[in-house]
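Student: The structure under discussion is supplied below as structure tokens; questions concerning it will follow.
The values are calculated or read from the model by the stated rules, or taken from the named source; none is laboratory data. Source: prediction; values computed, not measured. Positions of Cβ are generated from backbone atoms using ideal geometry, with glycine treated the same way; all protein chains shown enter the neighbour counts. In case anyone asks, the SASA skips ligands and DNA or RNA and just uses the protein heavy atoms, side chains included. Shrake-Rupley method; radii C 1.70, N 1.55, O 1.52, S 1.80 Å.
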Amino acid sequence: MRYSGLRVIAEGLSGNRGWKPAWRNPDPKPAYDLVIIGGGGHGLSTAYYLAKNHGLTNVAVLEKGYLGGGNVGRNTTIVRANYFLPGNQEFYSHSLKLWEGLEAELNYNVMHSQRGLINLFHSDGQRDAFARRGNAMVNQGDDAELLDREGVRRHLPWLDFEQSRFPIHGGLFHRRGGTARHDAVAWGYARAADRRGVELIQNCEVTGIDIEGGHVTGVQTTRGSIRAKKVAIIVAGRSSQVAAMAGMRLPIESHILQAFVTEGLKPVIDHVVSFGMGHFYISQSDKGGLVFGGDLDFYASYAARGNLPMVEHVMEAGMTLMPMIGKAKVLRAWGGIMDMTPDGSPIIDKTPVEGLYLDAGWNYGGFKAVPASGWCMAHLMATGEAHPVARRFRLDRFATGHLLDEEGTGSQHNLH
Amino acid sequence: MRLTCPLCGDRDRREFHYYGAEVYADRPDAGAALDAWDDYLHLRDNPAGETRDLWYHEIGCSAWIVVTRDTVSHRILQTALLTARQRQVGKFVYQEGDLREVPAKPGAATGGERP
């Protein structure tokens, strides 16, 4: 069933009796050519591009819970391409271009809103760093504008520009940055992959990975064993546990990143805004809730909830920057489990086990990468070669020293 | 979350700096193979459940503490001073804060030299 405005009107006039489930709910078959472990954003987009770009449709996506029930359904939904380092730049640039055509591609409204992203700076040194980043973005072919204080004031008149400690000097404006409806991205890819023949199998937890003579041969699951020629681990948040089933230790430590949503308010914040001197960034959802977050809690955790010190810090930073939000009530908070790599960049690569692939380590930036991650992972699995825009996301880069340290803070687990 | 410093007692988590998995206390010998350095710096068991990691009592007594805790429930199971932990580094053994040289076994590889 193709979705369209006409369809909505026709269904509305006929009691909405004609809608069909957006995807099938099949039982697992005994064997597939390719099995993807993990039915989140990255797993579903990988399945979709395997079918669309490479014609591979004998594919199963195994999800232990329900589709899109993990980090893709719990994030702050920001889409941007403002990276600096070669290796990251071209990847996120590719991803943003895919975002820009995603709704037509999937025939699904993912509510992609290019409302503009403004990263504020508060010192001369930060201005220089952002000018340099902006130039790198423009050279890559993306957009960036350096705003002075008056330029920022035209967009965000309600900021506290005169705060004594961290006065706002300006901002780096990335017009094509914005947000998207996170659940819809998972659902859109799920529906589009299903329509091309991919089988999406829910409530199917992988409990073991079968390896014979260094080759992967299939997986053990709570719904029986499934043979496969190739298997992909795309389970951010649980990457270490699933990789351990194949005898691997990953360069990943799991941390908690908290985020918060307020009650619905009338439209007040038109952009995505980040504070340069504390851990705080914010946007307003289409429902009206202010969606904001900060930094990691900074200790290894799988608790899916954070602790109060970071809550306090985020609220303080928000109040410093925009005192007007002080009376909004926080409705809910959550803590996502982040795959943190030592250098803060992801992994899309083969593993030492033949036929076993890994897409992991998305740190706190996996959402915007969903389209390009699937695109590049599908390319890797179908052709055996890394996609040109993801060729530096290697699993062995820590051992060899070919790091992608976007923040420039070093390559150790306690630094990102 | 609160941590019990073996010297100062039950304290707020904000007094402590998290350093990472316990493996950071076992620095490879200077002449160790590159794989050992990769293990030490990058590769992690990263368990969902009981783990042991290093915390520094930064706004307190400056002690290094080995914390045994549950990463799923955030329950603290045990805390101990790092200096109380016996560990071998090269041909030396740390025990209760003292550094002692282990007599080399005849024929055993000696590892890298330490100043």
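Student: Looking only at other chains, what is the average number of their beta-carbon atoms within 10 angstrom of each beta-carbon in A:235-242? Spell out each step's value before the answer.
Tutor: Working: counts 0, 0, 1, 2, 1, 6, 4, 0.
That average works out to 2.
Student: Which of A:Gly171, A:Gly18, A:Gly125 ends up with the largest GNM mean-square fluctuation for chain A, with Cα atoms connected below 10 Å?
Tutor: A:Gly18
Student: Pop out the carbon and sulfur fraction of the accessible area of chain A as a percent, whole number, probe 1.4 Å. It would help to have the intermediate numbers written out before the result.
Tutor: Details: 8660 of 16740 Å².
Of the solvent-accessible surface of chain A, carbon and sulfur hold 52 percent.
Student: For A:Gln163, list long-range residues whose amide hydrogen, built 1.01 Å from N in the peptide plane, is under 5 Å from its own amide hydrogen.
Tutor: A:Ile168
Student: Of all the accessible heavy-atom surface of the stretch B:2-83, with the other protein chains kept in place and a 1.4 Å probe, what percent is carbon and sulfur? Let's see the in-between values first.
Tutor: Values: 1980 of 3970 Å².
C and S fraction of accessible area: 50 percent.
Student: Then there's this: Of the options A:Ala51, A:Leu13, A:Tyr66, report the single residue whose Cα projects farthest towards the positive end of the charge dipole of the stretch A:1-76 (beta-carbon charges: Lys, Arg +1; Asp, Glu -1).
Tutor: Going by the charge dipole, the pick is A:Leu13.
Student: Please give every one of the aspartates and glutamates within straight-line cross-link reach of A:Lys266, meaning a C-alpha to C-alpha distance under 12 Å, and leave out same-chain neighbours fewer than 8 residues apart.
Tutor: A:Asp286
Student: Shifting gears a bit: Roll a 1.4 Å probe over the protein heavy atoms and report the accessible area of A:Arg74 in Å², nearest 10.
Tutor: Solvent-accessible area, nearest 10 Å²: 100 Å².
Student: Please calculate how many Å² of accessible area the stretch A:276-328 carries per residue, with a 1.4 Å probe and no DNA, RNA or ligand atoms counted.
Tutor: 40
Student: Here's a follow-up. Output the lone cysteines of the protein assembly as shown: those with no second cysteine's C-beta under 4.7 Å from their C-beta.
Tutor: A:Cys204, A:Cys376, B:Cys61
Student: Compute and list, largest first, the equivalent-ellipsoid semi-axes of chain A from the alpha carbon gyration tensor, each √(5λ) rounded to a whole angstrom.
Tutor: On the way: eigenvalues 252, 134, 78 Å².
Listed largest to smallest, the semi-axes of chain A are 36, 26, 20 Å.
Student: Separate question: For the stretch B:2-83, what is the charge dipole size about the Cα centre, in debye to the nearest 20, if Lys and Arg each add +1 at the Cβ and Asp and Glu each add -1 at the Cβ? Please list the in-between numbers first.
Tutor: Working: 9 positive and 14 negative charges, 88 e Å.
With Lys and Arg at +1 and Asp and Glu at -1, about 420 debye.
Student: Across peptide A:171-180, how many C-beta atoms of other chains are within 10 Å of each residue C-beta, on average? Provide the component values of the computation, followed by the final result.
Tutor: Details: counts 0, 0, 0, 0, 0, 0, 0, 0, 0, 0.
Mean partner-chain Cβ count within 10 Å for A:171-180: 0.
Student: Put +1 on the Cβ of every Lys and Arg and -1 on every Asp and Glu Cβ in the stretch B:2-83; which of B:Thr83, B:Tyr24, B:Leu41 then has its Cα farthest towards the positive end of the dipole?
Tutor: Positive-most Cα among the choices belongs to B:Thr83.
Student: Let me ask something else. With viscosity set to 1.002 mPa s and temperature to 20 °C, compute the Stokes-Einstein D of the stretch B:2-83, Rh being the Kirkwood radius across alpha carbon pairs; µm²/s, no decimals. Present the calculation step by step, with values, prior to reporting the outcome.
Tutor: Values: Rh = 13.5 Å.
Answer, rounded: 159 µm²/s.
Student: Ranked from the most accessible area to the least, with a 1.4 Å probe and all protein chains present, what is the order of A:Glu63, A:Glu312, B:Glu50? It would help to have the intermediate numbers written out before the result.
Tutor: Numbers: A:Glu63 30, A:Glu312 85, B:Glu50 125 Å².
Per-residue accessible area, sorted high to low, gives B:Glu50, A:Glu312, A:Glu63.
Student: Shifting gears a bit: Debye calculation, C-alpha points only, no solvent: report log10 I(q)/I(0) for the stretch A:37-184 at q = 0.08, 0.09, 0.12, 0.15 Å⁻¹, in the same order as the q values.
Tutor: Relative scattering, expressed as log10 I(q)/I(0), comes to -0.31, -0.38, -0.64, -0.88.
Student: Also: How crowded by other chains is B:9-22, given as the mean number of beta carbons from other chains within 10 Å of each beta carbon? The partial results should precede the final answer.
Tutor: Working: counts 0, 0, 0, 2, 6, 5, 0, 1, 3, 8, 4, 8, 4, 0.
Going residue by residue through B:9-22 and averaging, the value is 3.
Student: Give me D for the stretch A:147-290 in µm² s⁻¹, whole number, from Stokes-Einstein with Rh from the Kirkwood sum over alpha-carbon pairs, 20 °C and 1.002 mPa s.
Tutor: Working: Rh = 20.1 Å.
Diffusion coefficient, whole number: 107 µm²/s.
Student: Sticking with this one: My understanding is that a pair violates if its Cα-Cα distance is over 32 Å; which of A:Lys29/A:Lys52; A:Lys64/A:Lys287; A:Lys20/A:Lys64; A:Lys20/A:Lys329; A:Lys97/A:Lys329; A:Lys230/A:Lys287 do that in this structure?
Tutor: Details: A:Lys29/A:Lys52 22 Å; A:Lys64/A:Lys287 30 Å; A:Lys20/A:Lys64 24 Å; A:Lys20/A:Lys329 38 Å; A:Lys97/A:Lys329 36 Å; A:Lys230/A:Lys287 41 Å.
Violating the 32 Å Cα-Cα cut-off are A:Lys20/A:Lys329; A:Lys97/A:Lys329; A:Lys230/A:Lys287.
Student: In addition: In what order, largest first, do B:Tyr56, B:Tyr24 sit by accessible area if the probe radius is 1.4 Å? Walk me through the numbers before you get to the answer.
Tutor: Working: B:Tyr56 60, B:Tyr24 15 Å².
Putting B:Tyr56, B:Tyr24 in descending order of accessible area: B:Tyr56, B:Tyr24.
Student: Ignoring ligands, DNA and RNA, how do A:Met137, A:Met111 rank by accessible area with a 1.4 Å probe, largest first?
Tutor: Values: A:Met137 0, A:Met111 65 Å².
Per-residue accessible area, sorted high to low, gives A:Met111, A:Met137.
Student: Relative to 2.2 N^0.38 Å, what does the C-alpha radius of gyration of the stretch A:344-386 come to as a ratio? Two decimals please. All intermediate terms of the calculation are to be shown ahead of the outcome.
Tutor: On the way: Rg = 10.5 Å, N = 43, 2.2 N^0.38 = 9.2 Å.
After normalising by residue count via 2.2 N^0.38 Å, the value is 1.14.
Student: Roughly speaking, what % of Cα-Cα pairs in the stretch A:245-376 are separated by over 18 Å, rounded to a whole number?
Tutor: Working: 5267 of 8646 pairs.
Result for the distance tail: 61 percent.
Student: Shifting gears a bit: Might you work out the accessible area of A:Glu90 for me, using a 1.4 Å probe with all protein chains in place, and round it to the nearest 10 Å²?
Tutor: So the heavy atoms of A:Glu90 present about 40 Å² to solvent.
Student: Using only protein heavy atoms and a 1.4 angstrom probe, determine the accessible area buried between B and A, summed over both sides, in Å² to the nearest 100.
Tutor: Working: alone 7730 and 17880 Å², together 23280 Å².
That pair of chains buries around 2300 Å² in total.
Student: Sticking with this one: So how exposed is A:Lys29, as accessible area in Å² (1.4 Å probe, rounded to 10)?
Tutor: Roughly 90 Å² of A:Lys29 is accessible to a 1.4 Å probe.
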